[in-house]
Amino acid sequence: MSMINRQLRLKHRPEGLVKREDFDLVREPIGELQPGEVLVRVLYISMDPTNRVWMRDIPQYMPPVAIGEVMRAGGIGRVVRSRSAHFNEGDLVHGLVGWQDYLVIHESAAAAYPRLPADPGVPLPRLLGACGTSGVTAYYGLTDIAPVEAGETLVVSAAAGSVGSVAGQIGKIMGARVVGIAGGAEKCRHLVDRLGFDAAVDYKSHDWKQALKDATPGGVHVDFENVGGDIMKAVMARMVLGGRVAMCGLISGYTGTSKASDDFSVIIVRRLVVRGFLVFDYKKTAQALRALSGWVREGKLKAEETVVDGLEDAPLVLNRLFDGSHTGKLVLRVDPQA
Ligand SMILES: NC(=O)c1ccc[n+]([C@@H]2O[C@H](COP(=O)([O-])OP(=O)(O)OC[C@H]3O[C@@H](n4cnc5c(N)ncnc54)[C@H](OP(=O)(O)O)[C@@H]3O)[C@@H](O)[C@H]2O)c1
């Protein structure tokens, strides 16, 4: 009996938050493999804010997902059949797996699907978070793009999320005073009590701008920016002359319902150095990954994941990045056996 692959294909471009009806759920039999091909069972899918941008027909760093195309997404899979000498059955691979149960990879694309160690030593979802792309993003943001020094004040927005929680903890490892911005009192308590931030500002409280001032009495030296909009403006207004901004993300603008910001005057007034970056520009990440997993082993970096089951719920799970109903790395488990 042939195996069935479920795929979520983009039906039309969502407006605001994503709805199930924005996707077609397609069930297709999996055909015979051709020479050089392997069949990969998708185990985990990385839920990333950039997925929402990929659904939009706007200029971006990759082509938008086309209507009718399987939704693009990163993740981890296991080779379950192989007609390639390059891959063995049982190999773990990571790369763009898409919102589906299975994908076929040709060995000519092997470079885009690097193998993971058979026993990575950490839960697989962590390889998508603190010990993967999120961690590497935070690491280069604070060591290369806007290096933070001991004694300086670092502010991190979306601080309880995947990149932000690692960035704040790296700031502490480097000896900075770290202030996180997150939505809700509980998340803010978590940042201070569990992750060791010096202070946290709840941007959903009415007096959050005053709280940000109180938490940054000497100004802000480095802004690790994940959100944009009013939060970015408020942080930039607190920056010291010549302060540095690692422009990592602008999630407040990704659903297209509001502008991430169109007021750049503070950059002039405060003579800020603002550097945008994409983690994919860093091709050799072994050093970062070694540092991150070392910190996790030593207990200096707490890695957190929210793992949710169910491929068919992927559109609704993605929305949790935008309503904040998760902490740490948000991961979708596709294979219940994983
Ligand atoms: N440059 C790169 O290469 C790169 C790579 C990876 C990620 N990123 C960027 O890094 C940022 C974080 O990504 P992530 O994967 O770690 O996601 P995440 O932080 O785990 O999830 C997103 C968080 O953003 C907050 N948020 C959502 N909408 C918001 C709004 N309108 N105002 C304020 N906060 C909002 C939510 O937290 P609250 O509950 O606190 O609201 C949510 O938990 C994103 O901007 C992403 O695009 C950039």
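Take the conditions (1) modelled with pLDDT of 95 or more; (2) open to solvent by 40 Å² or more (accessible area, probe 1.4 Å); (3) not hydrophobic (A, V, I, L, M, F, W, C); Gly324 misses just one of them, which is (2). Of the residues making up region 186-204, those that are surrounded by fewer than 16 Cβ atoms within 10 Å (Cβ to Cβ), within 11 Å of the ligand (Cβ to nearest atom) and touching a residue at least 12 places away in the same chain (Cβ under 8 Å) number 1. Among the residues of region 131-174, those that are among the hydroxyl-bearing types (Ser, Thr, Tyr) and either closer than 20 Å to Pro49 by Cβ or not in a helix (DSSP H, G or I) (or both) comprise Thr133, Ser134, Thr137, Tyr139, Tyr140, Thr153, Ser157, Ser162, Ser165.
Checking each residue in region 212-222 for being closer than 22 Å to Asp323 by Cα and either more than 26 Å from the chain's Cα centre (by Cα) or without any contact (Cβ under 8 Å) to a residue 12 or more places away in the chain (or both) picks out no residue at all.
Hey, any hits in region 182-198 for a residue that's in a loop (DSSP other than H, G, I, E, B) and closer than 26 Å to Met55 by Cβ?
Within region 182-198, one or more residues are in a loop (DSSP other than H, G, I, E, B) and closer than 26 Å to Met55 by Cβ.
When each of Gly98, Gly129 is tested for being out of contact with any helix residue (DSSP H, G or I) (no Cβ under 9 Å at 6 or more places or on another chain), surrounded by 15 or more Cβ atoms within 10 Å (Cβ to Cβ) and of a type outside the set (Ser, Thr, Tyr), the lone residue that passes is Gly98. The one condition from (1) under 23 Å from Lys300 (Cα atoms); (2) open to solvent by less than 10 Å² (accessible area, probe 1.4 Å); (3) away from the ligand (no atom under 16 Å from the Cβ); (4) of a type in the set (Gly, Ala, Ser) that Ala150 does not meet is (2). Restricting Leu33, Leu39 to those that are more than 16 Å from the ligand (Cβ to nearest atom) and assigned to a strand (DSSP E or B) reduces the list to Leu39. Here the helices (runs of 4 or more DSSP H) wholly within region 205-312 that include at least 2 residues being within 16 Å of the ligand (Cβ to nearest atom) are 208-215, 229-236, 286-298. Within region 211-220, can one find any residue that is out of contact with any strand residue (DSSP E or B) (no Cβ under 6 Å at 6 or more places or on another chain) and open to solvent by less than 30 Å² (accessible area, probe 1.4 Å)? Within region 211-220 (the criterion being out of contact with any strand residue (DSSP E or B) (no Cβ under 6 Å at 6 or more places or on another chain) and open to solvent by less than 30 Å² (accessible area, probe 1.4 Å)), the answer is no, since none of the residues qualifies.
The values are calculated or read from the model by the stated rules, or taken from the named source; none is laboratory data. Worth saying up front: this structure is predicted, and the values here are computed from it rather than measured. Note that we place each Cβ from the backbone using ideal geometry, even for glycine, and neighbour counts take in every protein chain shown. Surface areas here come from the heavy atoms of the whole protein model, side chains and all, with no ligands, DNA or RNA. Shrake-Rupley method; radii C 1.70, N 1.55, O 1.52, S 1.80 Å.
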